[in-house]
1. Which residue, of THR186, THR226, is within 16 Å of ALA243 (Cα to Cα) and without any contact (Cβ under 8 Å) to a residue 40 or more places away in the chain?
2. I'd like to verify a number: residues in the stretch 317-336 that are within 14 Å of the ligand (Cβ to nearest atom), small (Gly, Ala, Ser) and open to solvent by 20 Å² or more (accessible area, probe 1.4 Å), how many?
3. Suppose we keep only residues that are surrounded by fewer than 16 Cβ atoms within 10 Å (Cβ to Cβ) and in contact with a Ser or Thr (Cβ under 8 Å, 6 or more places away or on another chain) within the stretch 247-266. Which one would you say is nearest to ASP224 (Cα to Cα)?
4. So which of ASP40, ASP60 is out of contact with any helix residue (DSSP H, G or I) (no Cβ under 6 Å at 6 or more places or on another chain), open to solvent by 30 Å² or more (accessible area, probe 1.4 Å), more than 8 Å from the ligand (Cβ to nearest atom) and in contact (Cβ under 8 Å) with a residue 12 or more places away in the chain?
5. So SER72 passes all but one of these: (1) open to solvent by less than 10 Å² (accessible area, probe 1.4 Å); (2) among the hydroxyl-bearing types (Ser, Thr, Tyr); (3) more than 26 Å from the chain's Cα centre (by Cα). Which condition number does it fail?
6. Name the residues in the stretch 107-122 that are buried (at least 16 other Cβ atoms within 10 Å of the Cβ) and either farther than 21 Å from GLN374 by Cβ or touching a residue at least 60 places away in the same chain (Cβ under 8 Å) (or both), would you?
7. When you scan the stretch 180-234, how many residues do you find that are open to solvent by 40 Å² or more (accessible area, probe 1.4 Å) and either assigned to a helix (DSSP H, G or I) or not assigned by TED's automatic domain parsing to the domain that holds ASP362 (or both)?
8. From ASP179, ASP201, grab the single residue that is without any contact (Cβ under 8 Å) to a residue 24 or more places away in the chain and within 16 Å of the ligand (Cβ to nearest atom).
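The values are calculated or read from the model by the stated rules, or taken from the named source; none is laboratory data. From a predicted model like this one, the values you see are computed outputs, not experimental measurements. Methodologically, a virtual Cβ is constructed for each residue, glycine included, from the backbone with ideal geometry; neighbour enumeration extends over all protein chains shown. All accessible areas refer to the heavy atoms of the entire protein, side chains included, with ligands and DNA or RNA removed. Shrake-Rupley method; radii C 1.70, N 1.55, O 1.52, S 1.80 Å.
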Amino acid sequence: MATREPPTVRWGIIVCTDAMEATGRISSWFVEDLVINRSDAKASHIIQAVGSSSLEKGNDFVARYCGKSNPSVYGAYSQVYDDPDVDIVYIGTPHAFHKQNCLDAIAKGKAVLCEKPLTMNARDAREVFDAARERGVYVAEAMWLRHRPLVHDLRKLIYKDKRIGEVFRAFSDFGVEMDIPNLPETSRYKQPSLGAGSLLDLGIYSITWAILALEEEPGSNPDDLTLNGVQTHWHGVEVTSSALLRYASTGRQGIVTSTTMTNGNPDMLARVQGTHGSIEVHGPFPARPTSFTVFPKFTDTLVDGLGDGVVVRGEGIKFDYPHAGRGFHFEADNTAVDYVSGKLESSIVSWSETIRVMEIMDELRSQGGTKYSQDLDA
Ligand SMILES: NC(=O)c1ccc[n+]([C@@H]2O[C@H](COP(=O)([O-])OP(=O)(O)OC[C@H]3O[C@@H](n4cnc5c(N)ncnc54)[C@H](OP(=O)(O)O)[C@@H]3O)[C@@H](O)[C@H]2O)c1
């Protein structure tokens, strides 16, 4: 039987890394993973075009990160949208620009994979998806965590295999220490007008972990969830967010936090607890889990001094997920497959889930007192 060739998609990359200013890191990570030669690739990826604020920066980006690719380099994003050879535009600008970049690409009929958060608030996300629906083009938020095989297997273990019994609680924290006072005024970590704040940058992952761990069918019952949140600000920038999530139907709780005041804990970026055990997820940070450990529990009458009926944690079994690169290829492959099959929405990160997570963050910001200019627009 003939094997079918994986589909080929041609990417237009919006924004470049500036090695001197240390900006645009995410775009370089994304293309470095795109050009990895993988025998298990579900799609073949071509870097067709690169758009930047400057041609010089664009050429430097291609030389540094694009491997053997020889893309067209443009000194304006609009030229990428106009390039007839580009299939999907990858948007890696600061979040405050995502909405306009998406709308501009959609208007030219381009499919879009846009970095998280898709927009600054849920209202803007709805506007982007409405435009995509009307124009009939594919748009997805690049929430790469949801595409990882580790996440798929972890959820199967929790909900199908019931390895830890009934889940009742999950924790997730994402911390990256930022020296905000000494960052340039133009930094997106410092400027509210560029979307500065720990929640939209980091907390979006903590919330996603809680959803993935606590919801058997994510998003199927959005009204089930209530949230109590607090935020702390430094010189007008939100630097720490904490929220308690509670599901009315099951009583499950999520404790989700983010901060730019200190680094997170790579030994445990999420913890899920059930009636028969717990799971700890490890990796450099919550967007990049690399393994998890399942701890059973048992009642041990032999544990010194603890006495009958004390439940202890058993020895953990570790599951490792080594892969090429950083793991952006999982989302790139899935995006390509969705795109060639004519879908408008990602099969992994649906429009309704992106909107729901934005709504959760809107609510936390409303309780915590963080407003962006985008919230004030008519
Ligand atoms: N998936 C992940 O794990 C992950 C990780 C990091 C960031 N992100 C997301 O990716 C997006 C970009 O993050 P980043 O850290 O790469 O951003 P960044 O370092 O601030 O750089 C963004 C790039 O955007 C362009 N840009 C356009 N207007 C700009 C302006 N007014 N100020 C600064 N840059 C401007 C610049 O490229 P040109 O000069 O070439 O146009 C710049 O190099 C954010 O939304 C963030 O949430 C995702």
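1. Working: THR186 fails: within 16 Å of ALA243 (Cα to Cα).
From the options THR186, THR226, the qualifying one is THR226.
2. Taking the stretch 317-336 first, the residues within 14 Å of the ligand (Cβ to nearest atom) are 325-332, 335.
This time we only want the ones that are small (Gly, Ala, Ser), so: 325, 327, 332.
Keeping just the survivors that are open to solvent by 20 Å² or more (accessible area, probe 1.4 Å) gives 325.
Residues flagged as within 14 Å of the ligand (Cβ to nearest atom), small (Gly, Ala, Ser) and open to solvent by 20 Å² or more (accessible area, probe 1.4 Å) within the stretch 317-336 amount to 1.
3. In the first step, residues of the stretch 247-266 are kept if they are surrounded by fewer than 16 Cβ atoms within 10 Å (Cβ to Cβ); the result is 248-251, 261-263, 265-266.
In the following step, the residues that additionally are in contact with a Ser or Thr (Cβ under 8 Å, 6 or more places away or on another chain) were identified as 248, 261.
On the way: ALA248: 5, MET261: 32 Å.
Only one residue fits best here, namely ALA248.
4. Details: ASP40 fails: in contact (Cβ under 8 Å) with a residue 12 or more places away in the chain.
Result of the check over ASP40, ASP60: ASP60.
5. Here SER72 meets the rest and fails (1).
6. Step one: list which residues in the stretch 107-122 are buried (at least 16 other Cβ atoms within 10 Å of the Cβ), which gives 108, 110-122.
Within the stretch 107-122, LYS108, LYS110, ALA111, LEU113, GLU115, LYS116, PRO117, LEU118, THR119, MET120, ASN121, ALA122 qualify.
7. The number of residues fulfilling the criteria is 6.
8. Numbers: ASP201 fails: without any contact (Cβ under 8 Å) to a residue 24 or more places away in the chain.
Testing whether each residue is without any contact (Cβ under 8 Å) to a residue 24 or more places away in the chain and within 16 Å of the ligand (Cβ to nearest atom) leaves just ASP179.
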